[in-house]
Every structure is written in structure tokens, then in C-alpha cells.
Amino acid sequence: MWTGCSGLRSVAAIKPVSCRSMTTATSSKPIRIGVVGATGYTGVELLRLLARHPAANLHVVTSRGEAGTPVATMFPSLRGAVDAVFQAPDEAVLGDCDVVFFATPHGVAHGLAAPLLERGVRIIDLSADFRIRDPELWARWYGQAHGAPQYLDEAVYGLPELNREQIRAARLIAVPGCYPTAVSLAVLPLLEAGLVDPDDVIADAKSGVSGAGRKAQIGGLFAEVQEDFRAYASGGHRHWPEIQQTLSGVAGQSVGLIFQPHLVPMTRGIHATLYLRPHGQADWQACFEKRYHNEPFVDVMPAGSHPQTSSVRGTNLCRIALAQPPHSDRLMVLSVIDNLVKGAAGQAVQNMNLMFGLEETAGLSGLPVFP
Ligand SMILES: NC(=O)c1ccc[n+]([C@@H]2O[C@H](COP(=O)([O-])OP(=O)(O)OC[C@H]3O[C@@H](n4cnc5c(N)ncnc54)[C@H](OP(=O)(O)O)[C@@H]3O)[C@@H](O)[C@H]2O)c1
């Protein structure tokens, strides 16, 4: 069974390390960084981005199973760029960081949030642990009690296009999920401007296989994914309450949302198609262009364009295009991101940049890899 993007409802003593490329090129003191869960896909993507970040000093890189293994042995893609050695996660050494990223399954950040925050460490959590404001709702969708509800009021949902000022002041960031990023950015301007019906939002989304993480599972085997295309989690996906919460906050009312995810046989990428019901005709293109004019990572393409996942691969970009199908009063919005970058590690670094008063684009300026 495919358990992509951790989404199916049914699924359910460290020594500091050095990284020679991570201590250079900034006038201020480098940021001491910990990455918990660095053997996973979002973790290694964080390492790739931080290895070229001008203000990053990778202090601790954790793995429970690979403690003692050099990062570059496990990931030859990082040879010559990352000197770090995996260490077991330990709160005493993580407590020596300025910021700790959690690239771990849900529940892990709950356990370490209190000791780290109490020591003045900022947290950027890529998991869902602090995304949903209601702990009981979280418990229903994630199948376990919320482990740190005392921090929910202060956790900031790290979508910079929505919460930039709160992120700057935050000490605990809940990085949005990959589908929620692609979907939310595709409808934010229209809901804010009151141009579409909030009771009628349909999001049809497709993800590449890396959305499920690096763990072995039968549904992710090459022989079962290639030449295949499938929907999953029709009965409810964990990103539904997250998207619903975000869009409802923007619309000022509970949003009627249908969200259907699919798995496509590609490694990276999310493509979301939104079907919306506008309140009459308006210049929707101008609405998007104005809303995202100053956003470094949102590209509003000419109307009628078809954004491709390959056009954002490896970058923190979201590309969006609008279309109005003939013989229909619906409006379509097409949105693509790289699930591991704008959908996870890149957005996490964007949050770090804001929290530490850096250029928002620092370490994130690479161009997409094509083909
Ligand atoms: N994949 C995506 O596209 C994506 C996008 C957005 C958000 N996310 C979220 O980001 C998080 C990580 O996703 P992923 O895809 O990178 O997962 P992954 O590939 O399965 O990696 C998970 C990592 O967490 C570590 N880990 C597992 N249990 C742990 C524990 N109890 N304590 C400490 N470390 C533990 C594992 O390392 P060791 O076993 O070596 O310790 C591994 O490095 C998840 O919450 C996921 O929902 C993923």
C-alpha cells in the first residue's frame, strides 16, 4: 500500500562535527545547526542546501542507525561538500545548536521540543507535529495523543507567503506539508480577495515517489510504481485538515475542500490542479501577479501556461498558472513545486533565513535541473 507523504489515514552521546563548507562567507557569526533525521530524503536535501548556505555551520547531523558513518559515505553526492559524521540524536549536544531542524516522522519533535526550547534553541520542524492547532484534531488524524500541546499557541505555520512577519519572530516553526504548500499557494490570492466561493474548493494533486520518504515499502517498489498511476487516500488524507485550516484562516470561514492525492512514477515533484468557483468574472491573473509580485519563490506564469514539475526540480520555486476551461464557470489554477525543496527542506531554510535576519533567498538561489 502506498503511504505517500505520510498521508494515509490508515497508516498509520553526540560530539560536535565539522563541515568545512558551512562556516564561510558571512560577516556575522555562522548559525550552528542541527539536523535530526539526516538519512532521510528531506534530511539529505537539507544537507545539500545547507552545504552551500553562506551562514550555515552544520554542528550536529543525526541518525540512530548510522552513528559513526561519514555523511559522504552514505551520500556520495555530498563528497567534498559535507565533512560531518552521523551521530545518535542526543538532546545535550542538540542543545548546543542555535537551531535544530527535525526531518523526522511525526511524534519525534514532540519529544525534543521542550528540552531544546528551554535551552534557547530554535526549532524548525518539517514533520506535522505542530502544524494543526487543535491537539485533538491532530490526535485523530495521526493516531496518537499530541505530545507537546503546550507549544501549539506559539508555533508558527512556516508559509512565508502568508506568515512572514510571525516567522521572523518565531522560535518554533511548523514547516507546511508538501501538498499543502502547492495547494495553498494556488488559492491564497483568490480567497484573500474574496473572488472565489470558499465552500467549493477542489484540489486534485499528484506527487512523486520521494513524497513517501526513504523507508522501504512495497507500494514504493520500482516494479509497482513505474508504468503505474493511482489515486490514494480517497477516504481522507492527513494533509486535508492542514490545508483546510490554512484556507479557512485566509477565508475567515470554514472552507469546503475536496483534496485527492495521486502517486505518479517520478522521483520528485508535486502538481496540483485547483478547481474553483469564482464569483463572476474578474482579472484573476492580475490578482495573482499583484499578490506574488514581491515573492522571491512564486512565479506566476502567463495565463494558459502549463507549469511542469521539471521546471522547478531542485529549487524552492512554486510556479503557478491560471486557466478557464471552455463551457464552464470554473476557474483552474495549476501549481507545481519540488516536494523536497519548496515542499520541505527549501521552505525550512527559507524560514531559517527569516528567523535569523538573513536574506530570505540565501542558499536557495540555484536554478532548476532540466531535463
Ligand atoms: N518526503 C517529502 O516529500 C516530505 C515533504 C514534506 C514533509 N515531509 C515530512 O518530513 C519528515 C521527514 O520525511 P522524509 O521523507 O525525509 O522521511 P524519511 O526519508 O523516512 O526519513 C526519516 C528520518 O527520520 C529519522 N528518524 C526516524 N525515527 C526517528 C526517531 N524516533 N528519532 C530520531 N530520528 C528518527 C530517520 O533516521 P534514522 O533512522 O537513521 O535515525 C530518517 O533519517 C516527515 O515527517 C514527513 O512527513 C516529507
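Please verify whether the stretch 360-370 includes one or more residues that are modelled with pLDDT of 95 or more, over 17 Å from GLY213 (Cβ atoms) and of a type in the set (Phe, Trp, Tyr).
No; the residues of the stretch 360-370 include none that is modelled with pLDDT of 95 or more, over 17 Å from GLY213 (Cβ atoms) and of a type in the set (Phe, Trp, Tyr).
Which members of the stretch 196-254 meet the condition of being within 13 Å of the ligand (Cβ to nearest atom) and farther than 17 Å from GLY343 by Cα?
Hits for the stretch 196-254 are LYS215, ALA216, GLN217, GLY220.
When you look at ARG133, is it away from the ligand (no atom under 16 Å from the Cβ) and within 19 Å of the chain's Cα centre (by Cα), yes or no?
Yes: the conditions hold for ARG133.
Does GLN350 satisfy being buried (at least 21 other Cβ atoms within 10 Å of the Cβ) and either more than 16 Å from the ligand (Cβ to nearest atom) or at pLDDT 95 or above (or both)?
It is true that GLN350 is buried (at least 21 other Cβ atoms within 10 Å of the Cβ) and either more than 16 Å from the ligand (Cβ to nearest atom) or at pLDDT 95 or above (or both).
Sort out which residues of the stretch 41-57 are within 13 Å of the ligand (Cβ to nearest atom) and in contact with a strand residue (DSSP E or B) (Cβ under 7 Å, 6 or more places away or on another chain), and write them in order of number.
Scanning the stretch 41-57 gives GLY43, LEU46, LEU47.
Any residue in the stretch 267-282 that is in the same structural domain as PRO326 (by TED's automatic domain parsing) and at pLDDT below 95?
Yes, because at least one residue in the stretch 267-282 is in the same structural domain as PRO326 (by TED's automatic domain parsing) and at pLDDT below 95.
Which one of SER248, SER254 is touching a Ser or Thr at 6+ places or on another chain (Cβ under 8 Å), farther than 17 Å from SER335 by Cα and not in a loop (DSSP other than H, G, I, E, B)?
Being touching a Ser or Thr at 6+ places or on another chain (Cβ under 8 Å), farther than 17 Å from SER335 by Cα and not in a loop (DSSP other than H, G, I, E, B) holds for just one of SER248, SER254, which is SER248.
So which of GLY363, GLY357 is more than 16 Å from the ligand (Cβ to nearest atom) and surrounded by fewer than 21 Cβ atoms within 10 Å (Cβ to Cβ)?
After ruling out the rest, the residue left standing is GLY357.
Looking for something over 30 Å from GLU289 (Cα atoms), surrounded by 16 or more Cβ atoms within 10 Å (Cβ to Cβ), in contact with a His (Cβ under 6 Å, 6 or more places away or on another chain) and not assigned by TED's automatic domain parsing to the domain that holds VAL298 - is there at least one such residue anywhere in the stretch 111-123?
So far as the stretch 111-123 goes, no, none of its residues is over 30 Å from GLU289 (Cα atoms), surrounded by 16 or more Cβ atoms within 10 Å (Cβ to Cβ), in contact with a His (Cβ under 6 Å, 6 or more places away or on another chain) and not assigned by TED's automatic domain parsing to the domain that holds VAL298.
Specify which of the listed residues (LEU185, LEU172) is closer than 29 Å to GLN324 by Cα and at pLDDT 95 or above.
Result of the check over LEU185, LEU172: LEU185.
Could you list, in sequence order, all residues of the stretch 161-182 that are crowded, with 22+ Cβ neighbours inside 10 Å and either in a helix (DSSP H, G or I) or more than 16 Å from the ligand (Cβ to nearest atom) (or both)?
ILE167, CYS178, TYR179, PRO180, THR181, ALA182
The values are calculated or read from the model by the stated rules, or taken from the named source; none is laboratory data. Since the structure is predicted, the reported quantities are computational estimates derived from the model, not experimental observations. A quick note on method: Cβ atoms are made from the backbone with ideal geometry, for glycine too, and the neighbour counts reach across all protein chains shown.
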